[in-house]
Amino acid sequence: MTNFRPVWAEINLSALRHNFQAIKGYTKSEIMPIVKADAYGHGAVQVVRTLKEEGIKRFGVAFLEEALELRYNFPDLIIMVIGPTLPEFSEFLVKEDIIPEIFQVEQAIALSEAAVKFKRIAKIHIKIDTGMGRIGFRETAFEDITKIASLPNIYVEGIYTHLATADWPDLSYVQKQLTQLDELYERLCSAGIEIPIRHAANSPAVMQVPASHYEICRPGLIMYGLNPLEDGPRDVMLEPVLSFKARISHLKTINSGDSVGYGRSFIADHLVKVATLPLGYADGLRRTMSNGGEVLIRGQRVRIIGKVCMDQTMVDVTEIENVAIGDEVTILGRDGDEEITAQELANKSDTISYEILCGITKRVPRIYKDN
Ligand SMILES: *Cc1c(COP(=O)(O)O)cnc(C)c1O
């Protein structure tokens, strides 16, 4: 479709490939990239297509709709849902050959019935709550898994957990979680329940906890080129995949005493050259960036003035020589020597880089580049 409005997110697929190679430097285990939330805002179908070319066969998403979107596009992909699926939708899982995570016996029973009905074997991965406190078998894990493993047409292919603090410098809680998974796994093995695949590693664990790599790693954020570690950069190898851009739609000069935007929160105290940008908080430029957030124009940082509106935003371009309508504006990404990172935007909005990426909304077209 025509991009009538000059606002877009640029997705650099060669950076994605580069990050995948960087991840292979951390681990020999199979990599199951996490492409939930439309691949963290990058576009799941394009991301999967690119990573498939790199030899990846298995991908993880958060729920069934996301899994089905991939299934319709890639009939031969191994797709796993790493979030809850209601028992009543078991037939979709079986028919579309999608691996669910199982954390309640009732889910497994419903799935088993669906698998028997369609004369298929349903592959599952069992989720263990070792300390994330979210979903997963906990105190009755051994008994429950024993029960599940004996259900007809069920194959327990995997067992896994999720780590709560893998981005911390102090890894003692991670170690405690892994030990709990290991002990349960040993107990199951001793009871004759052999599960071929274990997994635990999200991005920070891929980078700094080799003991968590097991048979499969589940990186999300580092695939997209962002550093997940709490104490800052430990890897210069990652390249951000997404940049967020627009073009100036209007320019004017306002006088001292004139105001900009809703609520008149910015009042000029001298002549100010104002550029209007055709995007706002409905696109993912957060309203917390009002009066203080920055964007890049002609390689320079300029300040947002007034409140960010739903569809438009104003910036002070007084200092930018030769600024013109149609000039490219970088909200997130690099322009010349300057760069605005997702981490910088996150810090300014009191959130994490993940939320900045996912927060770039559907109405922003994704433009794919491959050089
Ligand atoms: C989101 C998620 C991941 C990926 O996390 P990153 O920190 O982005 O690498 C891995 N596993 C599970 C269960 C998740 O929910």
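Given the residues Phe137, Phe89, Phe118, which is the only one that is more than 16 Å from the ligand (Cβ to nearest atom), over 25 Å from Asp38 (Cβ atoms), modelled with pLDDT of 95 or more and not acidic (Asp, Glu)?
Testing whether each residue is more than 16 Å from the ligand (Cβ to nearest atom), over 25 Å from Asp38 (Cβ atoms), modelled with pLDDT of 95 or more and not acidic (Asp, Glu) leaves just Phe118.
Does any residue in the stretch 18-30 that is assigned by TED's automatic domain parsing to the domain that holds Phe59 come within less than 9 Å, Cβ to Cβ, of a residue that is surrounded by fewer than 19 Cβ atoms within 10 Å (Cβ to Cβ) and assigned to a helix (DSSP H, G or I) six or more places away or on a different chain, and which pairs are these?
Between residues of the stretch 18-30 that are assigned by TED's automatic domain parsing to the domain that holds Phe59 and residues that are surrounded by fewer than 19 Cβ atoms within 10 Å (Cβ to Cβ) and assigned to a helix (DSSP H, G or I), the close pairs are Tyr26/Pro210; Thr27/Pro210.
I'd like the residue in the stretch 154-188 that is acidic (Asp, Glu) and without any contact (Cβ under 8 Å) to a residue 40 or more places away in the chain and, out of all such residues, is farthest from the ligand (Cβ to nearest atom).
In this case the residue turns out to be Glu186.
Looking at Leu229 and the list (1) within 21 Å of Arg17 (Cβ to Cβ); (2) buried (at least 16 other Cβ atoms within 10 Å of the Cβ); (3) not assigned by TED's automatic domain parsing to the domain that holds Pro84, which single condition is not satisfied?
So the condition that Leu229 fails would be (1).
Check every one of the strands (runs of 3 or more DSSP E) wholly within the stretch 265-348 and list those with 1 or more residues that are farther than 16 Å from Ala246 by Cα and in contact (Cβ under 8 Å) with a residue 24 or more places away in the chain.
Once the strands (runs of 3 or more DSSP E) in the stretch 265-348 are filtered for at least 1 residues that are farther than 16 Å from Ala246 by Cα and in contact (Cβ under 8 Å) with a residue 24 or more places away in the chain, what remains is 272-277, 300-305, 338-340.
Determine whether the stretch 216-229 contains at least one residue that is more than 12 Å from the ligand (Cβ to nearest atom), in contact (Cβ under 8 Å) with a residue 12 or more places away in the chain and of a type outside the set (A, V, I, L, M, F, W, C).
no
Which residues, counting only those in the stretch 67-76, are under 21 Å from Glu157 (Cα atoms) and not aliphatic (A, V, I, L, M)?
Arg71, Pro75, Asp76
So, Gly158, is that one part of a loop (DSSP other than H, G, I, E, B), of a type in the set (Gly, Ala, Ser) and in the same structural domain as Gln175 (by TED's automatic domain parsing) or not?
In short, no.
Each row is one residue, and each column tells you yes or no for (1) within 23 Å of Leu229 (Cα to Cα); (2) touching a Pro at 6+ places or on another chain (Cβ under 9 Å); (3) in a strand (DSSP E or B).
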| site | (1), (2), (3) |
| --- | --- |
| Ala164 | yes, no, no |
| Tyr173 | yes, no, no |
| Leu184 | no, no, no |
| Leu188 | no, no, no |
| Ile193 | no, no, no |
| His199 | yes, no, yes |
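It is to be established whether one or more residues within the stretch 115-135 are over 24 Å from Arg218 (Cα atoms) and surrounded by 17 or more Cβ atoms within 10 Å (Cβ to Cβ).
yes
In this structure, does Ala115 turn out to be part of a helix (DSSP H, G or I) and either closer than 24 Å to Ile98 by Cβ or not assigned by TED's automatic domain parsing to the domain that holds Ala62 (or both)?
Here the answer is yes, as Ala115 does meet what is asked.
Between residues in the stretch 59-86 that are among the charged types (D, E, K, R) and residues that are in a helix (DSSP H, G or I), which pairs lie under 9 Å by C-beta distance while being six or more apart or on different chains?
From the stretch 59-86, the pairs are Glu66/Lys36; Glu66/Ala37; Glu66/Asp38; Glu66/Ala44; Glu69/Asp38; Glu69/Ala44; Glu69/Val45.
Inspect all residues belonging to the stretch 65-72 and state whether any of them is away from the ligand (no atom under 16 Å from the Cβ) and either outside the structural domain of Ile159 (by TED's automatic domain parsing) or not in a helix (DSSP H, G or I) (or both).
Scanning the stretch 65-72 turns up no residue that is away from the ligand (no atom under 16 Å from the Cβ) and either outside the structural domain of Ile159 (by TED's automatic domain parsing) or not in a helix (DSSP H, G or I) (or both).
The values are calculated or read from the model by the stated rules, or taken from the named source; none is laboratory data. The structure displayed is predicted, hence computed values, not measured ones. A quick note on method: Cβ atoms are made from the backbone with ideal geometry, for glycine too, and the neighbour counts reach across all protein chains shown.
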